[in-house]
Amino acid sequence: MSRTTLSDASPPETSPIDTTNDNIPASDPSPRFLCAHLPDAAGSTVALDKDQARHATRALRLSVGDRLQLIDGRGTSAKATLTAADPDQTTCTIESIQHTPAPTPRIELATAIPKGPRADSMVNDLAQLGTDLLIPLITQRSVVHPRDNKLDRFAKAAAEAGKQSGNAWFMQINEPTPFADVLVCDAELTLIADPYAKPVADLVSQLKSVKTVRILVGPEGGLTDQELSAARDAGFTPWCYSPNVLRIETAAIAAVAILRAQA
């Protein structure tokens, strides 16, 4: 089960609008807003929810005629023009729609959660980097076991980070998962962060040939010998990508950054 602040509805397989030459790059200066249900036709009118409407009219002071971007976090984005600018009723007209394929490979990160604000910073950075799935990992030495309120906060932070960074696909967040359950997956490439291992041979070529990669990052106390043995038996390859022993959030962020950059 994954958490998101947006609708769980599946994105459309195709768009009836030809947007081949109408891409919406992350560098587009128009402000971005979350919209869980984007229409599939230009000329449609859509209303922003109350939070997004207040941000548009009070924080950014947008007015009728201003242009903006709408994103649903599931690959669909749109260029739109504001047609009503009121905190209680903000609407816009869709000009064009684009559907962006999900990035490949899919990156699934199962990581122990650090304490306090370090966890929030980690979630923000992972979402910006394009992590597809964050799985809070429960190990024998885990200290933090996030509950519903924290997971909801993580989901909101991931959506905001995705919006601000221009990611068309937002990071999903699973419920906390025991270590043994995380080892069972369909990923073609499975890695486990290990500061005492060796670099993975041919990592770049492997990344370009798989659809999904799963990386495990343990707690600051380290994984137990039994957990490391179980991971190896399940086919996870120990991977060292830094000469130093890293904190949880640093190891998690560095792993995703390397994987996404080399894919």
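The values are calculated or read from the model by the stated rules, or taken from the named source; none is laboratory data. Here the structure is a predicted model, which means the values were calculated and not measured. Positions of Cβ are generated from backbone atoms using ideal geometry, with glycine treated the same way; all protein chains shown enter the neighbour counts.
Observations on the structure shown:
- Condition check for LEU62: in a loop (DSSP other than H, G, I, E, B), outside the structural domain of ILE135 (by TED's automatic domain parsing), modelled with pLDDT of 85 or more and not hydroxyl-bearing (Ser, Thr, Tyr): yes
- Residue count for the stretch 116-133 satisfying the condition of being within 18 Å of SER2 (Cβ to Cβ) and either part of a loop (DSSP other than H, G, I, E, B) or more than 13 Å from the chain's Cα centre (by Cα) (or both): 4.
- A count restricted to the stretch 134-168 and to residues that are among the small types (Gly, Ala, Ser), assigned to a loop (DSSP other than H, G, I, E, B) and over 19 Å from GLY116 (Cβ atoms) stands at 2.
- For the stretch 229-236, the criterion of being buried (at least 17 other Cβ atoms within 10 Å of the Cβ), within 25 Å of ALA127 (Cβ to Cβ) and outside the structural domain of PHE33 (by TED's automatic domain parsing) is met by at least one residue.
- Residues located in the stretch 78-110, provided they are of a type in the set (A, V, I, L, M, F, W, C), under 30 Å from VAL204 (Cα atoms) and crowded, with 21+ Cβ neighbours inside 10 Å: ILE107, LEU109, ALA110
- When the stretch 130-184 is filtered for residues that are of a type in the set (Gly, Ala, Ser), more than 21 Å from ALA254 (Cα to Cα) and out of contact with any strand residue (DSSP E or B) (no Cβ under 9 Å at 6 or more places or on another chain), only ALA180 remains.
- Some residue of the stretch 203-211 being surrounded by 17 or more Cβ atoms within 10 Å (Cβ to Cβ) and touching an Asp or Glu at 6+ places or on another chain (Cβ under 8 Å): no
- In the condition set (1) touching a strand residue (DSSP E or B) at 6+ places or on another chain (Cβ under 7 Å); (2) crowded, with 16+ Cβ neighbours inside 10 Å; (3) part of a strand (DSSP E or B), ILE113 is compliant with all but (3).
- When the stretch 142-197 is filtered for residues that are at pLDDT 95 or above, of a type in the set (Ser, Thr, Tyr) and surrounded by fewer than 18 Cβ atoms within 10 Å (Cβ to Cβ), only THR177 remains.
- Answer from ALA112, ALA102 - the residue that is more than 17 Å from ALA168 (Cα to Cα), in contact (Cβ under 8 Å) with a residue 24 or more places away in the chain and within 19 Å of the chain's Cα centre (by Cα): ALA112
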